[in-house]
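The values are calculated or read from the model by the stated rules, or taken from the named source; none is laboratory data. These numbers were taken from a predicted model, which means no experiment stands behind them. With ideal geometry, Cβ positions are generated from the backbone for all residues, glycine too; neighbour counts draw on all protein chains shown.
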Amino acid sequence: MPDNLHDATPGISLILVDDHPVVRNGLRGMFEAVPGFTVLGEASNGVEAVELAADLDPDVILMDLRMPGGGGLDAITELTRRGIRSKVLVLTTWDTDTDTLPAIEAGATGYLLKDAPQDDLFNAVRQAAEGRTVLSPAVASRLVTAVRTPAPSPLAARERQVLELVAKGTPNRDIARELFISEATVKTHLSHIFTKLGVTDRAAAVAKGYEQGILGR
């Protein structure tokens with residue numbers, strides 16, 4: 001059963017989703033030792049995670065993928081379907097092509113491996129809470145090397161520039177400043193990028209950009 005222990009306090013609120021209690025305990029200890037994070041609860045599978053997220057409304061869900069009783073991919077899909085605002089940061093040992101892209105396309109904001117340094121994990125959660133795309137270097141590299149014969153980019157030069165900045169986690173206002181365009185124009189470019197790549201959000205656009213060889217060239 002889910003473990004709900006703390007009331008929300010200012011900062012970034014999380015729930016931890018992993019089928020291994022030792023992993024959850026370790027993560028809880030890490031985050032509770034750092035100011036600015038509050039662990040609201042834990043779940044041992046994806047089904048519990050969805051219900052816990054609906055009840056507790058966390059800022060970020062740290063989600064494992066392969067769990068008995070309900071995997072992370074199905075949970076991410078259901079969270080997206082329900083319109084739950086929580087950002088999902090996948091934290092897993094799996095970096096295969098069959099795990100990475102489907103999780104991001106389902107609605108995950110980011111994808112991190114469990115061997116990531118502690119500070120990288122904290123920073124990834126902060127970025128995810130802000131809605132910024134987070135991809136571990138190993139995952140990004142995998143997406144790049146998976147592309148054998150990149151097709152010509154479907155994106156215009158300016159659209160590719162925007163996507164490259166999105167991949168770095170750059171907010172719209174900073175993209176506008178760097179490219180000397182208005183924030184409204186950035187949003188228009190993003191809309192065109194989403195349409196051309198067949199995606200609906202920034203994280204999926206970045207993943208598709210690596211998959212198609214638009215990024216990482």
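Observations on the model:
This table checks each residue for (1) closer than 25 Å to V139 by Cα; (2) assigned by TED's automatic domain parsing to the domain that holds G83; (3) surrounded by fewer than 22 Cβ atoms within 10 Å (Cβ to Cβ).
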| site | (1), (2), (3) |
| --- | --- |
| I175 | yes, no, no |
| E178 | no, no, yes |
| E183 | no, no, yes |
| L190 | yes, no, yes |
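- Here G213 fulfils each of the conditions (1) more than 29 Å from L14 (Cβ to Cβ); (2) at pLDDT 90 or above apart from (2).
- For E130, the criteria (1) surrounded by 17 or more Cβ atoms within 10 Å (Cβ to Cβ); (2) closer than 16 Å to D201 by Cα; (3) of a type in the set (D, E, K, R) hold in every case but one, which is (1).
- Filter result for G198 (farther than 22 Å from E130 by Cβ and crowded, with 17+ Cβ neighbours inside 10 Å): no
- For the condition surrounded by 23 or more Cβ atoms within 10 Å (Cβ to Cβ), over 21 Å from P21 (Cα atoms) and not aromatic (F, W, Y), T80 does not qualify.
- Identity of the residue in the range 176-217, assigned to a loop (DSSP other than H, G, I, E, B) and within 13 Å of R160 (Cα to Cα), that ends up farthest from the chain's Cα centre (by Cα): R217
- Output for the range 112-135, where each listed residue is more than 19 Å from L165 (Cβ to Cβ), in contact with a strand residue (DSSP E or B) (Cβ under 9 Å, 6 or more places away or on another chain) and not basic (K, R): L112, L113, A116, D120, L121, F122, V125, A129
- Pairs, first under 22 Å from R81 (Cβ atoms) and not assigned by TED's automatic domain parsing to the domain that holds R132 in the range 201-213, second modelled with pLDDT of 90 or more and acidic (D, E), C-beta under 9 Å, six or more apart: none
- Some residue of the range 66-75 being surrounded by fewer than 22 Cβ atoms within 10 Å (Cβ to Cβ) and in contact (Cβ under 8 Å) with a residue 60 or more places away in the chain: no
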